[in-house]
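The values are calculated or read from the model by the stated rules, or taken from the named source; none is laboratory data. Remember, predicted model here, so these are calculated numbers, not experimental data. Neighbour counts are summed over all protein chains in view; Cβ atoms, including those assigned to glycine, are modelled from backbone coordinates with ideal geometry.
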Amino acid sequence: MGRQGQKQAMRGLWRLVLLGAVLILWGCATPSKIASPPAIPQATQEAQHFLDVGAERFRENDVTGAIEAFTKAVELNPQLSLAYYARAKARTRQNDLAGAMADYTQAVEVEPRLVNAYYFRGLLRAQQGERDGAMADFTQAVDVDSFDAQALFQRGLLRAQQGDRAGAIQDLQEALKLGIPSPEDQAVIRNTLRELER
């Protein structure tokens, strides 16, 4: 943010402070009403609790218990995208791929910027031979987060399989530049690039 942007941000902050002071002086608000965040509905708090319980059960390899907790979270708050996402991960571990696919889809319907849901749904689609769907998911993940090296890596491999040599090279080089942590994946990228650049 440049100096001009910082000045505008400070002006905006001072306007909010001034507005709060005016509302207090006019008796329209109390300091506690202005400073405190809005109350969180009980169902949302309970849903978050079940999301946390599910995450703990998943870490303990109680996948069935995790799915039950994530389901309860979704029932309490159908807008909790992370509960769908987490349940999809658990369902994948149980090899319930149709259920996982449905949950990843629901997660991105609720929160269209949930990059990991696109990425993992893309992986499932690629495993099932749905290359067009996988390509769309990896592309959406990259559109939302252009620094997602894993999505670029997977999209690059798909592009190579589909004969899009230039697109594959671009994606794989960008994935390497951004940093793929796995030495095995780095080796796959380098080998694929060597084949493509012949």
*asked:* Quick check on this structure: which one of Gln106, Gln94 is under 18 Å from Ala47 (Cα atoms) and not charged (D, E, K, R)?
replied: Gln106
_I'm trying to understand the selection: among the residues of region 160-172, which are out of contact with any Lys or Arg (no Cβ under 8 Å at 6 or more places or on another chain) and surrounded by 16 or more Cβ atoms within 10 Å (Cβ to Cβ)?_
Ala160, Asp164, Ile169, Leu172
*Determine whether Ala126 is out of contact with any helix residue (DSSP H, G or I) (no Cβ under 9 Å at 6 or more places or on another chain) and assigned to a helix (DSSP H, G or I).*
no
*What residue, of Arg87, Arg93, is touching a Phe, Trp or Tyr at 6+ places or on another chain (Cβ under 6 Å) and either assigned by TED's automatic domain parsing to the domain that holds Thr64 or farther than 28 Å from Gly179 by Cβ (or both)?*
Arg87
*Tell me which residues, restricted to region 92-109, are over 21 Å from Ala149 (Cα atoms) and either of a type in the set (Phe, Trp, Tyr) or surrounded by fewer than 19 Cβ atoms within 10 Å (Cβ to Cβ) (or both).*
Arg93, Gln94, Asn95, Asp96, Leu97, Ala98, Gly99, Ala102, Thr105, Glu109
_Extreme residue, farthest from Thr105 (Cα to Cα), among residues of region 128-148 that are crowded, with 20+ Cβ neighbours inside 10 Å and of a type in the set (D, E, K, R)_ = Asp148
*Restricting attention to region 66-121, and to residues there that are assigned to a helix (DSSP H, G or I) and of a type in the set (Lys, Arg), which single residue is farthest from Leu51 (Cα to Cα)?*
Arg121
_Considering only residues that are assigned to a helix (DSSP H, G or I) and surrounded by 14 or more Cβ atoms within 10 Å (Cβ to Cβ), which ones fall in region 173-190?_
Gln173, Glu174, Ala175, Leu176, Leu178, Asp185, Gln186, Val188, Ile189
